[in-house]
């Protein structure tokens with residue numbers, strides 16, 4: 001018998017050949033049953049798309065809150081008047097002004113983790129320029145406000161310490177006020193406006209800040225020196241009473257320490273002895289964002305559960321269709337074994353079919369997830385942020401789910417008895 | 001004397017069928033040399049198919065020995081037997097067992113997947129095998145476009161593609177009419193004469209069996225007649 005010279009492959013090359021042939025057979029088997037394969041992939045597609053859209057919306061919301069917090073101020077800590085009981089009359093937070101300018105001074109002196117501190121009082125009042133008028137929030141603040149709230153001026157300048165000390169009649173306008181009092185393109189700097197019949201010289205215009213996280217237009221305001229505000233605008237009976245103190249912690253990490261130091265500084269200033277309740281409250285933006293973060297976490301977990309169930313159902317679908325495929329192709333499996341396929345070749349064959357099914361489903365799911373994310377951003381105008389990590393994880397999970405659920409049918413195929421399989425009708 | 005290609009000694013195979021057991025083979029002993037063309041005949045249930053499965057390394061005997069080219073098969077694991085089936089044995093089945101919706105040449109290529117042939121050589125080797133059965137012009141056709149005889153020739157090409165030492169044909173003409181049957185048998189006859197390929201053919205048809213050089217008859221799991229027995233007894237008596 002004449003044997004032609006046959007070149008043989010090394011182990012690595014043979015493995016590479018097997019992988020290639022196996023992938024080709026798997027792709028062909030799936031293509032032959034396109035309709036069935038497509039329906040099988042649907043679970044995977046929906047699961048992966050849901051994960052990606054969910055993470056994108058969640059991260060978009062997180063980023064939005066983050067940006068809001070950053071725009072409110074850098075590492076900001078707020079002190080507001082607390083519940084007090086005076087002579088039997090009880091009042092909730094902010095009901096009585098228990099904070100004073102001296103509290104601000106105490107914080108400035110005694111708290112090393114705070115880099116800047118300011119206080120404010122606000123009152124709604126009519127502002128008049130020429131024949132235009134606008135009702136807005138007049139806010140009396142100190143010059144450090146610009147630094148604490150991280151809110152620069154767009155034109156002109158913020159008022160100075162000297163103007164604060166001398167109770168100068170100067171004002172810095174928010175963008176909304178400028179839009180409502182001035183003609184488009186007109187520079188308000190050096191014009192004169194009237195608040196409660198008192199003329200104020202406009203020295204600066206604040207940069208636009210937009211809405212706060214609770215939906216308030218932050219640009220609808222007029223900033224005046226605190227001393228001027230209490231004397232000229234609010235007509236305060238007692239000088240030095242403040243509504244709110246804003247402090248800026250040295251770093252984000254220093255916020256908890258700053259909160260503690262501020263609390264003890266103000267307690268000392270208020271002569272609150274050990275065991276007595278505070279008559280003020282110290283809050284951070286984390287406290288305020290906490291509630292919405294908790295809600296979004298619940299929502300995120302819920303969506304994760306739905307996505308997991310979808311992937312699970314998708315995986316079971318793949319297992320089901322592979323079991324059908326193994327039964328249908330019993331004779332083929334028997335034949336492949338008879339002509340030299342080892343058990344692991346058959347195992348690999350069906351596993352790769354599961355992997356191709358689930359990875360194709362995953363890939364389509366990724367595309368759909370990106371599309372849905374884009375649509376949500378476009379139609380619902382929600383902030384979204386596509387995360388490459390979530391895409392990669394969703395894709396890998398889909399592949400793993402396929403291989404996991406494909407294992408049982410593949411093992412069943414690999415353990416078929418070739419003689420029985422060849423006789424299968 | 002050189003080692004015979006097949007040496008089977010006192011082979012038994014017992015199946016459990018529910019509570020009962022069936023003795024499909026009850027102590028068969030035979031040797032087949034390289035280059036022989038042997039027909040195995042017998043009624044259905046006589047044990048000839050069981051013997052074929054064992055000779056093809058698809059099944060293992062309950063007791064007894066089977067040496068293929070001097071290698072004891074019963075002792076080998078599944079993977080090694082798969083390799084032997086791939087490299088040294090070619091199978092032809094009654095119902096062809098071609099993959100549907102797969103072209104003739106791809107069907108012929110199939111055993112090369114599991115062997116060491118480089119990918120680039122697979123197609124040419126499959127084409128050579130198809131040429132040996134005279135079907136080069138049908139390479140791109142799928143089984144449903146081929147006649148029964150053509151399908152069996154494709155299956156024969158698939159069996160030959162790895163240059164086996166042994167061709168096992170289990171009722172290869174069972175699904176064919178008498179004229180195509182004769183063609184297939186003639187082709188086997190020719191392969192045996194020109195290439196010296198060892199062929200073991202199972203058939204219940206005495207006419208087909210007559211084409212072989214040696215006929216072994218089975219009944220109830222035992223050999224009842226072997227046309228070469230007298231000669232062999234003379235040649236290999238201890």
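The values are calculated or read from the model by the stated rules, or taken from the named source; none is laboratory data. Since we're looking at a predicted model, the values are computed, not measured. Backbone-built Cβ (ideal geometry, glycine too); neighbour counts: all protein chains shown.
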Condition check: over 15 Å from residue B:198 (Cα atoms) and either surrounded by 15 or more Cβ atoms within 10 Å (Cβ to Cβ) or in contact (Cβ under 8 Å) with a residue 40 or more places away in the chain (or both). Does residue B:64 satisfy that?
yes
Just checking, does the range B:36-51 include any residue being surrounded by 17 or more Cβ atoms within 10 Å (Cβ to Cβ), over 14 Å from the mean Cα position of the chain (by Cα), modelled with pLDDT of 90 or more and outside any loop (DSSP other than H, G, I, E, B)?
yes
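Report yes if residue A:400 is closer than 27 Å to residue A:62 by Cβ and either part of a helix (DSSP H, G or I) or away from chain B (no Cβ under 14 Å) (or both), otherwise no.
Spelling it out, residue A:400 is indeed closer than 27 Å to residue A:62 by Cβ and either part of a helix (DSSP H, G or I) or away from chain B (no Cβ under 14 Å) (or both).
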For residues that are modelled with pLDDT under 90 and farther than 27 Å from residue B:49 by Cα, scanning just the range B:114-126, find the one that is farthest from the other protein chains (Cβ to nearest Cβ).
B:120
Out of the helices (runs of 4 or more DSSP H) lying entirely within the range B:141-211, which hold 3 or more residues that are modelled with pLDDT under 95 and surrounded by fewer than 18 Cβ atoms within 10 Å (Cβ to Cβ)?
B:178-195
Which condition breaks for residue B:18 when tested against (1) surrounded by fewer than 17 Cβ atoms within 10 Å (Cβ to Cβ); (2) at positive phi; (3) at pLDDT 90 or above?
(3)
Check residue B:129 against each of (1) assigned to a helix (DSSP H, G or I); (2) facing another protein chain (nearest Cβ under 10 Å) and name the one condition it does not meet.
(2)
Among the residues of the range B:89-108, is any facing chain A (nearest Cβ under 8 Å) and either more than 28 Å from residue B:150 (Cβ to Cβ) or in a helix (DSSP H, G or I) (or both)?
no
Taking the range A:406-425 and keeping only residues that are more than 11 Å from every other protein chain (Cβ to nearest Cβ), part of a helix (DSSP H, G or I) and buried (at least 17 other Cβ atoms within 10 Å of the Cβ), one is left with A:406, A:409, A:410, A:412, A:413
Does residue A:55 satisfy the criteria of being at pLDDT 70 or above, surrounded by 15 or more Cβ atoms within 10 Å (Cβ to Cβ) and assigned to a strand (DSSP E or B)?
no
Residue B:52: passes all of (1) touching a helix residue (DSSP H, G or I) at 6+ places or on another chain (Cβ under 7 Å); (2) within 12 Å of chain A (Cβ to nearest Cβ) but (1)
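Can you go through A:351, A:347, A:312, A:335 and tell me which one is more than 14 Å from every other protein chain (Cβ to nearest Cβ), over 29 Å from the mean Cα position of the chain (by Cα) and in contact (Cβ under 8 Å) with a residue 24 or more places away in the chain?
Of the residues listed, the single one that is more than 14 Å from every other protein chain (Cβ to nearest Cβ), over 29 Å from the mean Cα position of the chain (by Cα) and in contact (Cβ under 8 Å) with a residue 24 or more places away in the chain is A:351.
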